[in-house]
1. Any idea how many residues of segment 58-97 are open to solvent by 60 Å² or more (accessible area, probe 1.4 Å), in contact (Cβ under 8 Å) with a residue 24 or more places away in the chain, outside any strand (DSSP E or B) and within 17 Å of Ala33 (Cα to Cα)?
2. State which residue is nearest to Lys75 (Cα to Cα) when the search covers only segment 98-116 and only residues that are polar (S, T, N, Q) and surrounded by 12 or more Cβ atoms within 10 Å (Cβ to Cβ).
3. Go through segment 10-43 and give me each residue that's open to solvent by 30 Å² or more (accessible area, probe 1.4 Å) and in a loop (DSSP other than H, G, I, E, B).
4. Do the conditions hold for Gln3, that is, is it more than 12 Å from the chain's Cα centre (by Cα) and either open to solvent by 30 Å² or more (accessible area, probe 1.4 Å) or without any contact (Cβ under 8 Å) to a residue 12 or more places away in the chain (or both)?
5. Is it the case that some residue within segment 60-68 is farther than 14 Å from Thr115 by Cα, touching a Cys at 6+ places or on another chain (Cβ under 7 Å) and at pLDDT 95 or above?
6. For segment 44-57, which residues satisfy the criterion of being within 21 Å of Asp72 (Cβ to Cβ), surrounded by fewer than 13 Cβ atoms within 10 Å (Cβ to Cβ) and modelled with pLDDT of 95 or more?
Amino acid sequence: QVQLVVSGGGLVEPGGSLILSCAAVGSIFSLNAMGWYRQAPGKQRELVASTTRSGSTTYVASVKDRFTISRDNAKNTVFLQMNSLKPEDTAVYYCNAGIRIRLQYPERNYWGQGTQVTVSS
């Protein structure tokens, strides 16, 4: 069984920083693209940032130059460093990963539990 275990999040003042981490645990043959999504109240879930296994990254325009996604392939972990946080970054953040548990099985999409990020003074 595979799980994505998320840590981090919380309450921070505008301009502050937070780091989220997401570790894939369990029987994993290959771990491919990993990413962070967020969903604010009344809004659709959106992709915030993603990274391929080789380290290529993409960001939604609203977080470029403020957020950094990185991964540690040895630990099957992805991070999201969030700087210069704004109230509009307030949302539940979710980790996502493409994982193949065995060579013979197709890659599946896994989601971690959400973590609340609240930016408020």
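1. Residues flagged as open to solvent by 60 Å² or more (accessible area, probe 1.4 Å), in contact (Cβ under 8 Å) with a residue 24 or more places away in the chain, outside any strand (DSSP E or B) and within 17 Å of Ala33 (Cα to Cα) within segment 58-97 amount to 1.
2. At the first step, the residues of segment 98-116 found to be polar (S, T, N, Q) are 104, 109, 113, 115-116.
This time we only want the ones that are surrounded by 12 or more Cβ atoms within 10 Å (Cβ to Cβ), so: 113, 115.
Numbers: Gln113: 19, Thr115: 20 Å.
Going through the qualifying residues, I end up with Gln113.
3. Glu13, Pro14, Gly15, Ser17, Gly26, Ser27, Ile28, Phe29, Pro41, Gly42, Lys43
4. Numbers: more than 12 Å from the chain's Cα centre (by Cα): yes; either open to solvent by 30 Å² or more (accessible area, probe 1.4 Å) or without any contact (Cβ under 8 Å) to a residue 12 or more places away in the chain (or both): yes.
Yes; evaluated as a whole, the condition is true for this residue.
5. Of segment 60-68, the ones farther than 14 Å from Thr115 by Cα are 60-68.
Within this subset, residues satisfying the condition of being touching a Cys at 6+ places or on another chain (Cβ under 7 Å) are none.
No: segment 60-68 contains no residue that is farther than 14 Å from Thr115 by Cα, touching a Cys at 6+ places or on another chain (Cβ under 7 Å) and at pLDDT 95 or above.
6. Result: Ser56, single match.
The values are calculated or read from the model by the stated rules, or taken from the named source; none is laboratory data. Because the structure is a prediction, the values reported are computed rather than measured. As a convention, Cβ positions derive from the backbone with ideal geometry for all residues, glycine included, and neighbour counts pool all protein chains shown. Only protein heavy atoms, including side chains, enter the accessible area calculation; ligands, DNA and RNA are left aside. Shrake-Rupley method; radii C 1.70, N 1.55, O 1.52, S 1.80 Å.
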